[in-house]
1. Checking the structure you have, find out if any residue of the range 8-31 is in contact with a strand residue (DSSP E or B) (Cβ under 9 Å, 6 or more places away or on another chain) and hydroxyl-bearing (Ser, Thr, Tyr).
2. Go through the range 87-117 and give me each residue that's in contact with a strand residue (DSSP E or B) (Cβ under 9 Å, 6 or more places away or on another chain) and among the β-branched types (Val, Ile, Thr).
3. So which pairs qualify, if the first residue must be in the range 25-52 and under 19 Å from Leu113 (Cα atoms), the second must be outside any loop (DSSP other than H, G, I, E, B) and at pLDDT below 75, the Cβ gap must be under 7 Å, and the two must be at least 6 apart or on different chains?
4. Do any helices (runs of 4 or more DSSP H) entirely within the chain hold 2 or more residues that are of a type outside the set (S, T, N, Q) and surrounded by fewer than 11 Cβ atoms within 10 Å (Cβ to Cβ), and if so, which?
5. The conditions are (1) modelled with pLDDT under 95; (2) over 26 Å from Glu38 (Cβ atoms); (3) of a type outside the set (Lys, Arg), and Gly52 fails exactly one of them. Which is it?
Amino acid sequence: MHQKRPERSQEDHDSLKFALDRHGLRLLERDAEDLHREPLFSNARTIWSHAGRRVSLMERLKISIALEDGPKTILELENLTRILDVTGSICALACENLLRLDLHSQRLGPGTLVLGP
């Protein structure tokens, strides 16, 4: 995280723009105040604490099947999948960019909405 925007040469700027455009992406710039805004900051810290956690193939399949009909809350996924630590599994999969979570509206918990990739 930078305190200010990194200085880029024109060549670096052009290369970055080309790569982003080629993949249909855009640069998302946030300042420190925005990154530390709650509940986003606490949610991100909690989710990233599960990075690298092993999620079994069976857990991955249960979550994937449960989300086939659309987004579900963590509580709904817990009831549908019967995974012991469904929150930990969901967070680990989110770190792998396999799931998306609504992190902005409330603290991570049973009511958090989980969406497919």
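1. Taking the range 8-31 and keeping what is in contact with a strand residue (DSSP E or B) (Cβ under 9 Å, 6 or more places away or on another chain), we get none.
No; the residues of the range 8-31 include none that is in contact with a strand residue (DSSP E or B) (Cβ under 9 Å, 6 or more places away or on another chain) and hydroxyl-bearing (Ser, Thr, Tyr).
2. Listed by number, the residues that qualify are Ile90, Thr112, Val114.
3. Note: pairs meeting the criteria are Phe41/Leu35.
4. Here the list reads 10-22, 32-35, 57-66.
5. (2)
Here is a yes/no grid of residues against (1) under 16 Å from the mean Cα position of the chain (by Cα); (2) farther than 30 Å from Leu16 by Cβ:
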residue	(1), (2)
Asp31	no, no
Leu40	yes, no
Arg45	yes, no
Ala51	yes, no
Ala66	no, yes
Gly70	no, yes
Leu77	no, yes
Gly88	yes, yes
Thr112	yes, yes
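Rundown of residues vs (1) within 21 Å of Phe41 (Cβ to Cβ); (2) at pLDDT below 95; (3) of a type in the set (A, V, I, L, M), yes/no style:
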{"site": "Met58", "(1), (2), (3)": "no, no, yes"}
{"site": "Ser64", "(1), (2), (3)": "no, no, no"}
{"site": "Leu77", "(1), (2), (3)": "no, no, yes"}
{"site": "Leu84", "(1), (2), (3)": "no, yes, yes"}
{"site": "Thr87", "(1), (2), (3)": "yes, no, no"}
{"site": "Asp102", "(1), (2), (3)": "yes, yes, no"}
{"site": "Pro117", "(1), (2), (3)": "no, yes, no"}
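The values are calculated or read from the model by the stated rules, or taken from the named source; none is laboratory data. From a predicted model like this one, the values you see are computed outputs, not experimental measurements. Counting neighbours? That spans all protein chains shown, and the Cβs are built from the backbone with ideal geometry, glycine included.
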